[in-house]
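The values are calculated or read from the model by the stated rules, or taken from the named source; none is laboratory data. In this text the structure is predicted, and so the values were computed from the model without any measurement. FYI the Cβ positions are ideal-geometry reconstructions off the backbone, even for glycines, and counts take in every protein chain you see.
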Amino acid sequence: MKRFVLFLLCGLMVASCTKPPVIDTTPASLSVSSGTLSFTTDGASSQTLSVTASTAWTATVANGGSWCSVDPYHGTGNATVTVSAATNKTAQARTTTITFNAAQCNPVTVTVNQVAGKEEDKIETTTVALSAAPREWDKKKRADITYQVNVYSFADSDGDGWGDLKGVAQKLDYFESLGVSALWLSPVHPSSSYHGYDVSDYSAINPKLGTEADFKDLVSQAKAKGIGIYMDFVLNHTGLQHEWFKAASADPASKYRGYYVTSETGESTTGGMGDWYSSTTGNIGYHGRLHFKLDTSVGSQPKLTVTQATEAAQNGNTDTSVKWFIYDNNAIRMYKTGDNLYEITLNIDNNWGILVKDDATQWDDHKWGAKAGEQLVEFGKAKTLVKGGAANDIIFGGSSMKYYASFDRSMPDLYYGPADKASESAAFKDLAVAADKWIQMGVAGLRLDAVIWIYQNNANANVSFLKQWYDRCNTTWKANGGTGDFYMVGEAWTDSAEQMAPYYKGLPSNFNFYWWYTLKDRIGKGQGNDFAKTALYFRNLFQAQRDGFIDAIKLSNHDEDRAAEDLGRSFEKERLAAAVLLTSPGKPYIYQGEELGYWGKKTNGDEYVRAPIRWERNGKLASGALGGKVDANMLSADRSVEAQAADKNSLLSAYRSFAQLRNNYAALASGTMAEYSTKSNALAVWTLTGSGEKLLVVHNFSSAKAAASFGTENITRPVLVSGSAELKTTTLNGNVTDRTLSLGAWSSVVFDLSE
């Protein structure tokens, strides 16, 4: 056995020595088909690499290259490798490397690139409640706001119960707080009425309101505060107590007969308003016994003969078939004494005269009297009678004049002759002298009352007259050192804006009643989307008549129901109306008490829309002129100036805020208006551009919250918020895609869009 093992071992050793092992001397190899791969943002398509290797290999992606994947990551020998890239959701390009390794081989590196992508869409919304951040006001007045003052009921300086000129002067700081640059004073001339529109002397001051020195002092103090004084000037009529009218009534030969519309100067034109009246002076009645004989045989113009009588007076006839009566404070039936003849003897005892009637109780066309200018009885001489409006009292002495009055018999109409030559008339010249006095004293403007009735609603004639009047006053203004043109605004109260527009050919400014009618209508409907369009229509209409026109916009005045009454006494609606007034183009007027929420209807009496200001919670009122016709419930302590000034949420505070904003931003006061369209029916939206500024004005006219998209408009700088407002901003990847504004009921906001 030992020999066998030894033999085997020796055999193996021999075999090994005689046949050595084979060694592979071919070097290892590794290669990759490309050194660079490039991918798009999406990385949607994969790319391949060809790996050629003589041995096993591995692929490794560098750190940070997780977006890049390899399939497979290892292999032996030749292979095809798929490389994929995930979508690039970043805004930067990216790169990485794939390193291939094999034993005894140099590494092979492939660079993988991918272009910049975009971040995944990120949509965000934020909603914030808006609060105002206006710039600091430089105290300059730009707003051109006028305040209408009923002097007799505004402020009482001496405790007599009547408002007066000194009272107005004592409240100049109040006007300052409202940003006012002018005051329109109700008539301050002597007058028989509390309201002053029946003027008895155009060159004097009503002693109930103060003295001429008081007026001069008011003009001076107001001017020092940058406030002009506008006088109410009545050109359509005077009062019965004017010396011109007294002289005209007393003497048919007086030159002042030609100052009035009388039967001698002409009849009222078609389309007019008013009536004819008789003015008599002296002992025109009769106290004694007279016999009356009426002859109706002439048909439409019966004749009356009056004689003094000594026979006994008769009682009235009881025969109802007779239709003729003598009227002496009572209708007394005459006796029929023949065909078409009627007679009666009566004791007459009155101070006015007599009339004939053909009905005991009816008037109008059943009244018979004398023709104007033929009223005086001549005993024993037949007088031809006329009926209806042409019939005047039959008188027995003194003097009588038939005159025309558009409004009331206490306000006889003035006469200026042919319109194209009105400035040559005596009445025009005397009134111009009176106006000169006040302009030379420093009055900065005139408000002209009832201008459409000067020539009885004849627009062409009225415009011709007004142009002559304005040119005369403007000449005086300039001669007195006035800056620019004199201000004058007309009450051309017609049925429509189209009818009023021609009055701009005569005057630089007219009250825009139709603006207010539109506003209250739209607030009532909760519809604001066409308000700016309508306001621009008015402006274009007026612009066509006069370059540089001044649109006098307003809510109510002393001759209308109060704005608060029209708006249902709603604080929110009243605040909205104030906001619209003071953010609209034009010259805004604030009527006394409007800023305090005063209400009132004319049907209760004019006094109820001319209420006194309650200054202190428990102070006295300047109500004497109104004869006690005041609404105590309205004039409460909480509605006083004292109470509202202390309340930042009061209506007075809202007026003050909007007035200051209008004074602060020139574009708001005098900028060019443009419509701004949204898809909301409730919102009234417009822009105002000028003086390097651009403002966006938004009002909600409805009783519900209203919203509208303003796209990417930069409505991020609110300068005034009234009520409530929210701004919802939507962004996509940090970029604004929409701004939606929501306004509470009857709320307003103004944005500064200036660059």
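Summary of values
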| item | result |
| --- | --- |
| Among (1) touching an Asp or Glu at 6+ places or on another chain (Cβ under 7 Å); (2) in the same structural domain as residue 722 (by TED's automatic domain parsing), the one test that residue 655 misses | (2) |
| Boolean, residue 179 is under 19 Å from residue 622 (Cα atoms), in the same structural domain as residue 218 (by TED's automatic domain parsing) and buried (at least 24 other Cβ atoms within 10 Å of the Cβ) | no |
| Residue satisfying condition, being among the aliphatic types (A, V, I, L, M) and surrounded by 24 or more Cβ atoms within 10 Å (Cβ to Cβ), within set 188, 219, 234 | 188 |
| Residue pairs meeting the criteria (Cβ under 9 Å; at least 6 apart or on separate chains; first surrounded by 14 or more Cβ atoms within 10 Å (Cβ to Cβ), in segment 66-81; second assigned to a loop (DSSP other than H, G, I, E, B) and of a type outside the set (Gly, Ala, Ser)) | 67/87; 67/88; 79/72; 81/72; 81/73 |
| Residue that is nearest to the chain's Cα centre (by Cα) [pool: residues in segment 556-603 that are aliphatic (A, V, I, L, M) and assigned to a loop (DSSP other than H, G, I, E, B)] | 582 |
| Residue identified as of a type in the set (Asp, Glu), at negative phi and within 34 Å of the chain's Cα centre (by Cα) among 275, 232, 251 | 232 |
| Segment 311-339, residues that are outside any loop (DSSP other than H, G, I, E, B) and within 15 Å of residue 355 (Cα to Cα) | 325, 326, 327, 331, 332, 333 |
| Among the candidates 654, 632, 667, residue that is part of a loop (DSSP other than H, G, I, E, B) and either of a type in the set (A, V, I, L, M) or in contact with a Leu (Cβ under 9 Å, 6 or more places away or on another chain) (or both) | 632 |
| Pairs, first of a type in the set (Ser, Thr, Tyr) in segment 445-474, second surrounded by fewer than 21 Cβ atoms within 10 Å (Cβ to Cβ) and at pLDDT below 95, C-beta under 8 Å, six or more apart | 455/269 |
| Of residues in segment 100-152 being of a type in the set (Ser, Thr, Tyr) and under 55 Å from the mean Cα position of the chain (by Cα), the one farthest from residue 51 (Cα to Cα) | 152 |
| Candidate set: segment 731-743, residues that are surrounded by 17 or more Cβ atoms within 10 Å (Cβ to Cβ) and out of contact with any His (no Cβ under 9 Å at 6 or more places or on another chain); chosen: the one farthest from residue 651 (Cα to Cα) | 739 |
| Unique residue being out of contact with any strand residue (DSSP E or B) (no Cβ under 8 Å at 6 or more places or on another chain) and closer than 30 Å to residue 223 by Cα when the list is 481, 524 | 481 |
| Lone unmet requirement of (1) assigned to a loop (DSSP other than H, G, I, E, B); (2) crowded, with 19+ Cβ neighbours inside 10 Å; (3) not acidic (Asp, Glu) for residue 344 | (1) |
| Yes/no for residue 368 being within 29 Å of residue 257 (Cα to Cα) and in a strand (DSSP E or B) | yes |
| Filtered residues of segment 27-59 (kept if within 30 Å of residue 116 (Cβ to Cβ) and among the small types (Gly, Ala, Ser)) | 33, 34, 35, 38, 43, 44, 45, 46, 50, 59 |
| Residue under evaluation residue 109, criteria (1) farther than 19 Å from residue 36 by Cβ; (2) modelled with pLDDT of 90 or more; (3) of a type outside the set (A, V, I, L, M), criterion not met | (1) |
| Residue 689 being β-branched (Val, Ile, Thr), surrounded by fewer than 19 Cβ atoms within 10 Å (Cβ to Cβ), in contact with a strand residue (DSSP E or B) (Cβ under 9 Å, 6 or more places away or on another chain) and assigned to a loop (DSSP other than H, G, I, E, B) | no |
| Subset tally (residues that are of a type in the set (Asp, Glu), over 30 Å from residue 567 (Cβ atoms) and touching a Leu at 6+ places or on another chain (Cβ under 8 Å)) for segment 700-755 | 1 |
| Selection status of residue 254, hydroxyl-bearing (Ser, Thr, Tyr), surrounded by fewer than 22 Cβ atoms within 10 Å (Cβ to Cβ) and under 30 Å from residue 439 (Cβ atoms) | yes |
| Filter result (closer than 17 Å to residue 158 by Cβ, of a type in the set (Gly, Ala, Ser) and surrounded by 17 or more Cβ atoms within 10 Å (Cβ to Cβ)) within segment 191-216 | 210 |
| Segment 450-466, residues that are within 26 Å of the chain's Cα centre (by Cα), assigned to a helix (DSSP H, G or I) and not aliphatic (A, V, I, L, M) | 453, 462 |
| Positions within segment 650-686 being among the charged types (D, E, K, R) and surrounded by fewer than 23 Cβ atoms within 10 Å (Cβ to Cβ), in sequence order | 656, 675, 679 |
| Breaking point among (1) part of a loop (DSSP other than H, G, I, E, B); (2) outside the structural domain of residue 66 (by TED's automatic domain parsing), for residue 104 | (2) |
| Filtered residue count, segment 349-359, keeping only those that are at pLDDT 95 or above and surrounded by 15 or more Cβ atoms within 10 Å (Cβ to Cβ) | 5 |
| When residues of segment 469-502 are limited to those that are part of a loop (DSSP other than H, G, I, E, B) and among the acidic types (Asp, Glu), the one nearest to residue 422 (Cα to Cα) | 491 |
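Yes or no, residue by residue, for (1) within 19 Å of residue 663 (Cβ to Cβ); (2) within 19 Å of the chain's Cα centre (by Cα):
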site	(1), (2)
692	yes, no
699	no, yes
712	no, no
717	yes, no
720	yes, yes
727	no, no
730	no, no
735	no, no
746	no, yes
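Yes/no matrix, rows are residues, columns are (1) without any contact (Cβ under 8 Å) to a residue 60 or more places away in the chain; (2) within 21 Å of residue 684 (Cβ to Cβ); (3) assigned by TED's automatic domain parsing to the domain that holds residue 651; (4) buried (at least 23 other Cβ atoms within 10 Å of the Cβ):
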{"position": "529", "(1), (2), (3), (4)": "no, yes, yes, no"}
{"position": "550", "(1), (2), (3), (4)": "no, no, yes, no"}
{"position": "564", "(1), (2), (3), (4)": "yes, yes, yes, yes"}
{"position": "568", "(1), (2), (3), (4)": "yes, yes, yes, no"}
{"position": "573", "(1), (2), (3), (4)": "no, yes, yes, no"}
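Here's the yes/no breakdown for (1) under 21 Å from residue 301 (Cα atoms); (2) part of a strand (DSSP E or B); (3) modelled with pLDDT of 95 or more; (4) touching a strand residue (DSSP E or B) at 6+ places or on another chain (Cβ under 7 Å):
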residue: 403; (1), (2), (3), (4): no, yes, no, yes
residue: 409; (1), (2), (3), (4): no, no, no, yes
residue: 420; (1), (2), (3), (4): no, no, yes, no
residue: 427; (1), (2), (3), (4): no, no, yes, yes
residue: 432; (1), (2), (3), (4): no, no, yes, no
residue: 435; (1), (2), (3), (4): no, no, yes, yes
residue: 443; (1), (2), (3), (4): no, no, yes, yes
residue: 448; (1), (2), (3), (4): no, yes, yes, yes
